[in-house]
Amino acid sequence: METKTEFIRNQQEEVKALQDTIYVIGGKWKLPIINSICNGNKRFREIERSIPGITTRMLSRELKEMELNKLVKRTVYPESPVLVEYESTEYCKTFGNIILAMIDWGKEHKKMIMKS
């Protein structure tokens, strides 16, 4: 006989995991930056131009945080002028299906709201 406790999830653990996730990818800009990089934009200005409304300062700050959290890799090429490129890490790519699901949800949500 199965008991009810076998199906009870640890809500405190789940909330902590959600908070950790939101800490790493939360905010207005991180997901658009990840999307931009995953769509082939590697240089700072390419990423910046692909995201309407983001400031240079904000992009710089977000990229630094994302590098610390192992979502992007920053490579500096010693050319003149110095060339810096960003790419998503393998770790970041584990988030890919979630991002695509969020994009789909956002499109459906907009359709639903527009019908109202």
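The values are calculated or read from the model by the stated rules, or taken from the named source; none is laboratory data. In this text, all values refer to a predicted model and were calculated from it rather than measured experimentally. Every residue, glycine as well, gets a Cβ built from its backbone with ideal geometry; the counts of neighbours run over all protein chains shown.
Key figures
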item: Yes/no for residue 102 being over 17 Å from residue 34 (Cβ atoms), aliphatic (A, V, I, L, M) and assigned to a helix (DSSP H, G or I); result: no
item: Residues satisfying the stated conditions in region 39-56, i.e. basic (Lys, Arg) and assigned to a helix (DSSP H, G or I); result: 45, 49
item: Residue within region 49-58 that is of a type in the set (Val, Ile, Thr), at pLDDT below 95, surrounded by 10 or more Cβ atoms within 10 Å (Cβ to Cβ) and out of contact with any helix residue (DSSP H, G or I) (no Cβ under 7 Å at 6 or more places or on another chain) present; result: no
item: Residue count for region 57-99, restricted to those that are part of a helix (DSSP H, G or I) and among the charged types (D, E, K, R); result: 8
item: Filtered residue count, region 25-41, keeping only those that are closer than 19 Å to residue 90 by Cα and surrounded by 16 or more Cβ atoms within 10 Å (Cβ to Cβ); result: 11
item: Criterion (touching a residue at least 24 places away in the same chain (Cβ under 8 Å) and not charged (D, E, K, R)) met by exactly one of 22, 51, 99; result: 99
item: Members of region 67-86 that are more than 12 Å from residue 44 (Cα to Cα) and either charged (D, E, K, R) or surrounded by 10 or more Cβ atoms within 10 Å (Cβ to Cβ) (or both); result: 67, 68, 69, 70, 71, 72, 73, 79
